[in-house]
Amino acid sequence: MYNVRNILDDLLYLGCSDRRLQLFESAYPVADGVSYNSYLLKDEKTVLFDTVDKVCACQFFKNLEYALDGKKLDYLVIHHMEPDHAALVSEVKRRYPEINIVCTAKALAMIKQFFDFDIDSCAQIVKEGDVLNTGKHELQFIMAPMVHWPEVMVTFDKTTGTLFSADAFGAFGAINGNLFDTDVNWERDYLDEARRYYTNIVGKYGLQVQMLLKKASNLDIKMICPLHGLIIKQNIKLFIEKYDK
Ligand SMILES: [Fe+2]
Ligand SMILES: [Fe+2]
């Protein structure tokens with residue numbers, strides 16, 4: 001059984017919600033669960049953005065197979081190496097051996113520490129401003145070190161104005177069948193958990209967040225796809241203001 005949702009015609013949500021976890025990072029209570037988000041872009045080339053926590057592996061690979069619908073998987077973009085997103089990287093490589101893995105140099109070093117597959121033969125290292133053309137889409141990579149770990153980057157899809165923001169703009173809480181901020185009363189029911197997530201996970205790197213916000217201010221962002229929580233369409237300006245504050 002699969003659980004795949006369309007975000008745009010050629011962009012699909014493959015993530016999952018974890019309601020069994022008591023403490024996120026063994027420290028922060030998640031009474032309402034947490035989601036691990038992964039996205040698949042189906043352009044002339046196909047691009048998987050991050051994986052999910054191991055707890056959702058079975059669902060994730062069913063989702064991925066269904067979403068690909070027989071197409072080859074060309075790229076895996078790794079924004080963040082924390083295991084809630086990168087635990088399944090080696091399994092993706094095992095199932096899709098022809099894949100190219102796009103990541104930062106720091107992430108490459110971590111992959112070598114975490115896994116024992118031959119990453120050098122399939123790694124495509126990117127740096128600030130590099131662009132990957134996948135057909136209709138132009139993906140620009142933006143470095144975001146220490147938002148939350150040193151290897152982090154985000155991706156801006158220049159074609160659609162979509163920012164794949166890694167841990168930034170995430171929130172605690174299972175998404176309960178919702179997908180977008182417009183599916184909930186965002187300020188009333190969502191913002192508190194986004195604030196608690198920011199405070200506990202990202203907020204201690206305020207300076208680095210400010211650097212990322214400065215770069216983001218030059219982008220025409222129409223949608224934010226984070227690694228946890230809902231996709232933001234309507235509340236982008238307000239969310240960025242809250243981060244700035
Ligand atoms: Fe993280
Ligand atoms: Fe995360």
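The values are calculated or read from the model by the stated rules, or taken from the named source; none is laboratory data. Nothing here was measured: the structure is a model prediction, and the numbers come from that model. Every residue, glycine among them, receives a Cβ derived from its backbone with ideal geometry; neighbour counts consider all protein chains shown. Just so you know, the surface numbers come from the protein's heavy atoms only, side chains and all, with ligands and any DNA or RNA stripped out. Shrake-Rupley method; radii C 1.70, N 1.55, O 1.52, S 1.80 Å.
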Tell me the label-point distance for the pair E91, S217, using the 7 Å Cα-to-Cβ offset, in nm and rounded to one decimal. 4.2 nm
Give the value in nm², to one decimal: projected area of the alpha carbon convex hull of the chain, averaged over all directions. 11.9 nm²
Under the rule that a partner needs its Cβ under 4.7 Å from the first Cβ, which Cys of the chain have none? C58, C103, C122, C225
HN-Hα couplings for segment 75-83 via Karplus (6.51, -1.76, 1.60; θ = phi - 60°), in whole Hz with x for Gly/Pro, come out as 9, 10, 9, 9, 8, 7, 9, 4, x
Along its three principal axes, how long is segment 128-189 when you only count alpha carbons? Whole Å, largest extent first please. 38, 30, 17
Debye, to nearest 20: dipole size of segment 5-244, +1 on Lys, Arg Cβ, -1 on Asp, Glu Cβ: 80 debye
How much length would be gained if the chain were fully extended between D130 and N6, taking 0.36 nm per residue of separation minus their Cα-Cα distance, in nm to one decimal? 41.9 nm
Residues with amide H under 5 Å of S38's amide H, sequence separation 5 or more or different chain, H placed in the peptide plane at 1.01 Å from N; which? L14, G15, C16
For segment 5-244, what is the accessible area per residue in Å² when the probe is 1.4 Å? 44 Å²
Taking 0.36 nm per residue of separation and subtracting the Cα-Cα distance, what length does fully extending R195 through K242 add? 16.1 nm
Efficiency of FRET between D116 and K158 - r from beta-carbon atoms, R0 35 angstrom, step 0.05: 0.45
Compute, for D183, the solvent-accessible surface of its heavy atoms (probe 1.4 Å) with the complete set of protein chains present, and express it in square angstrom to the nearest 10. 70 Å²
Counting only residues 5 or more apart in sequence or on a different chain, those whose built amide H sits under 5 Å from that of T51 are none
With a 10 Å radius around each residue's Cβ, average the other Cβ atoms per peptide and rank 120-126, 232-238, highest first. 232-238, 120-126
Given a 1.4 Å probe and every protein chain left where it sits, what share in percent of the accessible area of the chain is carbon and sulfur? 49 percent
For peptides 90-103, 137-150, 211-224, sequence by mean Cβ density within 10 Å, most packed first: 137-150, 90-103, 211-224
